[in-house]
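Read the figures in this text as sums done on the coordinates, not as results from a lab. What you are looking at is a predicted structure, and each value in this text was computed from that prediction instead of being measured. Neighbour counts are summed over all protein chains in view; Cβ atoms, including those assigned to glycine, are modelled from backbone coordinates with ideal geometry.
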């Protein structure tokens, strides 16, 4: 197989893997979703395609979060590394995507925060996610 044919095969494979979506690119974008006003969680997405950046940003806002809030604040009780290919995580075509959810001990008015135990329990609801306590 020549290099040109191999390169074309890779391009077609990526196009089909992303459903032919031109926004499934290799831009490696980042967005942070801060749910501090509605809960005690902040999620950092990195390595995203344009498609997944748009989806994660919009989903964050719909869920009551603040997309692109900069870095998550310090003081978390723990963090959860979520696989980019996990179900229902707003990432569909970013093979190098990284998702880290951070859990906090206090939240907005009327919301309970997380303890290390409850943060870990929340994290392990996602298959193959890894929890790191602080």
From the square roots a ≥ b ≥ c of the eigenvalues of the alpha-carbon gyration tensor of segment 53-134, which class results: rounded (a/c under 1.5), prolate (a/b over b/c), or oblate?
oblate
Provide the packing ranking of 78-89, 51-62, i.e. peptides ordered by the mean count of other C-beta atoms within 10 Å per residue, highest first.
51-62, 78-89
With a 10 Å radius around each residue's Cβ, average the other Cβ atoms per peptide and rank 24-35, 113-124, highest first.
24-35, 113-124
Report P(r) for segment 16-104: all Cα-Cα distances, bin width 10 Å, range 0 to the bin holding the largest distance, values in whole percent.
19, 51, 24, 5, 0
Hey, with R₀ at 22 Å, roughly what FRET efficiency would residue 27 and residue 68 work out to, going by the Cβ-Cβ distance, to 0.05?
0.90
Once both label points are put 7 Å beyond Cα along the C-beta direction, the residue 96-residue 59 separation in nm becomes 2.1
For residue 87 and residue 128 in the same chain, what is the full-extension length gain: residue separation times 0.36 nm, less their Cα-Cα distance, in nm?
13.7 nm
